[in-house]
Amino acid sequence: MTQAGKKKKRAANRSILLAKKIIIKDGGTPQGIGSPSVYHAVIVIFLEFFAWGLLTAPTLVVLHETFPKHTFLMNGLIQGVKGLLSFLSAPLIGALSDVWGRKSFLLLTVFFTCAPIPLMKISPWWYFAVISVSGVFAVTFSVVFAYVADITQEHERSMAYGLVSATFAASLVTSPAIGAYLGRVYGDSLVVVLATAIALLDICFILVAVPESLPEKMRPASWGAPISWEQADPFASLKKVGQDSIVLLICITVFLSYLPEAGQYSSFFLYLRQIMRFSPESVAAFIAVLGILSIVAQTIVLSLLMRSIGNKNTILLGLGFQILQLAWYGFGSEPWMMWAAGAVAAMSSITFPAVSALVSRTADADQQGVVQGMITGIRGLCNGLGPALYGFIFYIFHVELNEIPVTQNDLGDNVATQHHSQQNSIIPGPPFLFGACSVLLALLVALFIPEHTNLNGRSSNWKKHCGGHGHPHSPQAPGEAKEPLLQDTNV
């Protein structure tokens, strides 16, 4: 894109943002506290995931008590169904929020995502059933990122997205430890009541304080433009994967590396609690340390690596750390091994930000949204397949739980020795070893990704196929038609 074209694009973005502000001042939006800002979105995200983070330890206990014979398999199926439903519904909810506004869908997604919380003590079966079905609306990040895109200019967006993501990480750094402590001292019922109260506070905050970011006069339907249902097709972006060789390599790398990551997120804390015999406090501390190290890795370390060894080599290094981490999880049989592998896991978190940076450098400005949409679609698909795959592998290798979860007072050496003797002493965690093999394949594929390639100059056919993917009546520039979304299907 020429310099003149970039200036025109920035001028158009500023004009759109100014028009929104004028409409807001004219009373074109539902009332809230102040003008729409990133801080409104940050508070919504923090309260939702803080509530769920409090339930980390109680959920592990209830899961085993409800499904004592096939705990890992059922956990994988529950999270898998939720992930697949989120993958299918995210584009539709995003498209509808373009028509009916962001605030109503923020309210809808937060309400249904938090609806299972009070059911944990009322009826565990209904609790897990509603968790699975709630995947249809478990796309708060999709709406939040659209909210942020409405109220920020393009050059402000990366920082705003970073603030939202950091808030998400911060909520999960603190809340599991708080929930574990309160559960030990006062019981899990208090933790469930507190989480329910925080979820209700989040809903009330949206109703009372969050102003609409997309004024009715700025919505495409108000111009008489037709609604594009192509955006509601979750497979629309995936259909374009094979149309460019470099994009295909990037997408295969993302699929092979994120599939085991999604499965790991769904079952690893249960694995620590029941197989490695971590206490609830140890699990919470593990989450906190891993979260802090990941934030450092994705900011300071990532920046240094990108400048010193380049984009592609940073991806390869991150995949190498992920292979080491998963292999260590798979063969590790002692708690200290899990802590050491967790430090390596934090370093492996640099992979996806480096992939996103490579896409932003590789794709032309008018193809950014399309390529990022493909990667988002693949990650969403993995959020459904990964947990189910891990649960199935645990099942076929007979990694099952035959005891009631121990309390913090029953963590003696005799119990741990007796439990480990029931498991395969060579490979305690078979799914993690499978994940390491999958990431090794991703590393081999990533070796063929060129460091410097411009999609715009390679294929006019690529442009022809991708040109119609964006929202035909969106006021955003083509490159902003589809922002990368985080799939918030697991805590």
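Distance from the Cα centre of the range 241-283 to that of the range 190-205, in angstrom? Taking the Cα centre of each part, the range 241-283 and the range 190-205 sit 29 Å apart. For the range 35-164, the equivalent ellipsoid derived from the Cα gyration tensor has semi-axes of 31, 15, 13 Å, listed largest first.
Quick check on the exposure proxy: order 109, 66, 56 from fewest to most C-beta atoms within 10 angstrom. Intermediate results must be reported in sequence, preceding the final value.
Numbers: 109 28, 66 14, 56 24.
Ordered by Cβ neighbours within 10 Å, fewest first: 66, 56, 109.
Figure the gain on full extension for residue 111 and residue 281 (residue separation times 0.36 nm, minus the Cα-Cα span) and round it to one decimal in nm.
Working: separation 170, 0.36 × 170 = 61.20 nm, distance 2.88 nm.
Taking residue 111 through residue 281 to full extension adds about 58.3 nm, to one decimal.
Take each peptide in 138-151, 433-446, 298-311, count the other Cβ atoms within 10 Å of every residue, and average; sorted highest first, the result is 138-151, 433-446, 298-311.
Residues with beta-carbon under 14 Å from that of residue 318, excluding residue 318: net charge, scoring Lys, Arg +1 and Asp, Glu -1? Before the final figure, lay out the partial values.
Details: positive: 312; negative: 261.
For residues surrounding residue 318, the net value is 0.
PRE reach from residue 190 (point 7 Å along Cα→Cβ): which of the range 280-301 fall under 17 Å by backbone N? Answer for this model: 280-281. A viscosity of 1.002 mPa s and a temperature of 20 °C, combined with the Kirkwood radius over C-alpha pairs in the Stokes-Einstein formula, give the range 59-123 a diffusion coefficient of 154 µm²/s.
Each reported figure results from applying straightforward, stated rules to the coordinates on display, with no laboratory input. On a predicted model such as this, the values are computed, not experimentally measured, just so you know. So basically every Cβ, Gly included, is an ideal-geometry build from the backbone, and we count neighbours across all protein chains shown.
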